[in-house]
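A short reminder: the numbers here are calculations on the coordinates, not readings from a lab. Nothing here was measured: the structure is a model prediction, and the numbers come from that model. Here the Cβ positions follow ideal geometry from the backbone for every residue, glycine too, while neighbour counts run over all protein chains shown.
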Amino acid sequence: MYFLAVMMTLLGAADSLLVSVAPARAQVEEPAVVVHRQPAVGIVALRLSVLANDPPGYAGAGHMIQHLLYSSLRDRVARVGGELQIQRTSDAIIYTATGPASELTYLAEILKSALSPKAPTTDALLSAERELREERLSEWETAQGHARSMLRAQLFPPDVSAAGTERSATRFSSSALPRIWSALYSPDRVSVVAVGDVHLEDVRSAFANLPEAASEPELLPISRDSIVLGSLAPPQATRGWVGAAYLASGLEPAAVTVATRLLGDYLRRRLPTVQVDSEHWWTHHGQAIALVLAVPEPDLDLARRALGTALSSLLDDLNLLDVTEAADAIRSEMLFYSRTPGRMAEVIGQFVDREGDPNATDQFYAALDSLDDDDVREVLEHAFELTPARIEIPPQTLHPRVQ
């Protein structure tokens, strides 16, 4: 899904990094609320997000707090037949509750309680630390995750893994987490997306009176993250993995999405034996086009050449018909993916988190309809002038053990 290729944050690449701040709205007392009413559906998906980067030196803190709260929140939502999901993106800390629309107020109170986390017990803290460590390892233990992590680290070094680092994990304690949360949270960073049989005024009422921000958040003793420079585990690869990624910040997002799709389609035609993943990475850190290829060993040389010439080849053959067909396909995928309230809340919420505009999804959808080949050519020419981030993982030879 090209339009949803905004990936979870992966490990950074440089040591001792200052962290940029996710964009906040103007100072307000109530959250930004977006409602997409579906009166024929008797359920509601409520997505609450807090725009926040983990404080420098405490990477993974936001996701740690989510893990600490998850079991309790999930059980409370389940009492009315609902489901709860948590997600930590590069932009936000996200809780999504899906349940009966008639329980809007009850579900909203559960989500609001996540904005006032209590100091955890030692057992709960140890359990959450173990879960985050497993997440960190999973990002690196396969070649596919390893390739993405290394590309992203080169393009967006401050975009540290949602699961944090081994060093930052040693700084989480029952006394430290409330202070960390005070640095993460303020009401002006909260957004709510509701999809289902609910009205805007009812959602606004349900999410009124959010917890106040700390008047003066306590200073934390660490001011920088120490980032792992290499992989946490060796990648397991029976195929070769080749990747390239190009910064695209400041360009029209719809044009970047279409260019990404066209590059992927070109490489699939050129390399029929190769698995090609083309992704548009898009967060408040910036935008990028990422191309990751899983290649049978005999085709590695061909894949390297095809990846190296993909931009120039596509520029030579670019035409309005291909651009229009790609844009139409992405618009269709958006509609198909968003066919359930939960997924529609996810799509709308991601755009709101990135852009801070309740209408960002509609604007992106409309921009796809008005794109021409000159818009996409601008993206491709911009990428052509850059030196891309690169990664290559050689295939491993498996030797069966002789009994």
Could you give me the percent of Cα pairs per 10 Å distance bin for region 325-403, shortest bin first, beginning at zero and ending with the bin that holds the maximum distance? 14, 28, 25, 17, 9, 6, 1
In which sequence would Val160, Val198 go, from the one with the fewest C-beta neighbours within 10 Å to the one with the most? Val198, Val160
Compute the whole-percent fraction of alpha carbon pairs in region 67-155 spaced more than 19 Å apart. 54 percent
Need one number for region 2-206: average projected area of the convex hull over its C-alpha atoms, nm². 12.3 nm²
Contour minus Cα-Cα distance for Ser71 and Thr238 (0.36 nm per residue): 56.4 nm
Label-point separation in nm, Leu320 to Leu335, each point 7 Å along Cα→Cβ: 2.3 nm
For the chain, the dipole about the Cα centre with charges only on Cβ (Lys and Arg +1, Asp and Glu -1), to the nearest 20 debye, works out at 1300 debye
If you work out log10 I(q)/I(0) by the Debye sum over Cα atoms at q = 0.08, 0.10 Å⁻¹ from the coordinates, which of (1) -0.46, -0.72; (2) -0.57, -0.83; (3) -0.37, -0.58 do you get? (1)
Which length gain, in nm to one decimal place, applies between Arg79 and Lys118 when the Cα-Cα distance is subtracted from 0.36 nm times their residue separation? 11.9 nm
Once you sort the root eigenvalues of the Cα gyration tensor of region 236-278 as a ≥ b ≥ c, which label holds: rounded (a/c under 1.5), prolate (a/b larger than b/c) or oblate (the other case)? oblate
Taking R0 as 30 Å, what FRET efficiency do you get between Arg130 and Asn209 from their Cβ-Cβ distance, rounded to the nearest 0.05? 0.25
Sites Ser312 and Ser370 - FRET efficiency at Förster radius 22 Å, r taken between beta-carbons, to 0.05: 0.25
Taking region 107-208, the whole-percent share of alpha-carbon pairs separated by over 15 angstrom is 74 percent
Per residue, the convex hull volume that the Cα atoms of region 240-393 enclose (Å³): 118 Å³
If you find the alpha carbon centre of region 72-94 and of region 41-60, how far apart are they in angstrom? 10 Å
Give me the angle, in degrees from 0 to 90, between the Cα long axis of helix 122-138 and the longest principal axis of the Cα atoms of the chain, rounded to the nearest 10. 10 degrees
When ranked by the protection proxy of mean other Cβ atoms within 10 Å per residue, highest first, what sequence do the peptides 256-269, 361-374 form? 256-269, 361-374
